[in-house]
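Below: one structure, written as structure tokens.
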């Protein structure tokens, strides 16, 4: 019998043929790839500078929530933590600093479609649409803000290979290191249900709880299937999952 067979979309796992590996690390001599070391080091240092620029010079949008409705028109009030969050979000949106955006929007309302309006539509579509946004931001700000984004995403997904193999619960197989970790699942959009994924690697959900709100990647695949763009979604039958949990899982099945 094949190790794994399909019955319609349901995957049937034959574990008798699966080789059991011994967890551990043998002595190893590492060869340093200095180019990669230099690149990763530089990107992280540049990202720290990008974080500084995010607060001092760069630009993000949550435009409607922050600089528009809150600070320009004062249509609602926000406590300090939310104000700081909105300021950071706006700073990364490539629409200038919060103060300059508020200033320009006040002018836009006071002198609508005149030469005093930074978005004067009488100068034509191109000017009112984009011209005010493509001047004055320095290359340094734009470059380092992008490296900040790259570094955050880079380190977030590395958590799958580190944190999700060290901390969490193992309700499906307590004999392996990969674990269920909700924090990793939250920041990676569903990749932290790692104990399940290593036990049933071909399940497209990467988790028994395919409808879990943390598993946004699964929701996106389901959405694509609804649109007719994804198909043959393989998953493991509930009785197979329950049997495996009973046989090899931890007694405490509550995920962290």
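Please list the equivalent ellipsoid semi-axes of the stretch 168-248, computed as the square roots of five times the alpha-carbon gyration tensor eigenvalues, in descending order and whole angstrom.
Semi-axes (√(5λ), whole Å): 22, 16, 8.
Suppose R0 equals 35 Å; then what is the FRET efficiency for residue 77 and residue 43 from their Cβ-Cβ distance, rounded to the nearest 0.05?
Computed FRET efficiency for residue 77 and residue 43: 0.35.
Among 164-175, 40-51, how do they line up from the highest to the lowest mean number of other beta-carbon atoms within 10 Å?
Most protected by this proxy first, the peptides run 164-175, 40-51.
Going highest first, how would you order 217-223, 105-111 by mean Cβ packing within 10 Å?
The densest-packed peptide leads the list: 217-223, 105-111.
Sorted by packing (mean other beta-carbon atoms within 10 Å per residue), highest first, where do 147-156, 177-186 land?
177-186, 147-156
State the extension gain, in nm to one decimal, for the chain segment bounded by residue 230 and residue 99, taking 0.36 nm per residue of separation less the distance between their alpha-carbons.
Once the chain is fully extended between residue 230 and residue 99, it gains 42.7 nm.
With label points built 7 Å along Cα→Cβ from the Cα atoms of residue 220 and residue 155, find their separation and express it in nm.
Between residue 220 and residue 155, the simple spin-label model gives 2.2 nm.
Computed from the coordinates by the stated procedures, all read-outs in this text should not be read as laboratory data. These numbers come from a predicted model, not from an experiment. When we count neighbours, we look across all protein chains shown, and the Cβ atoms used for this are built from the backbone with ideal geometry, even at glycine.
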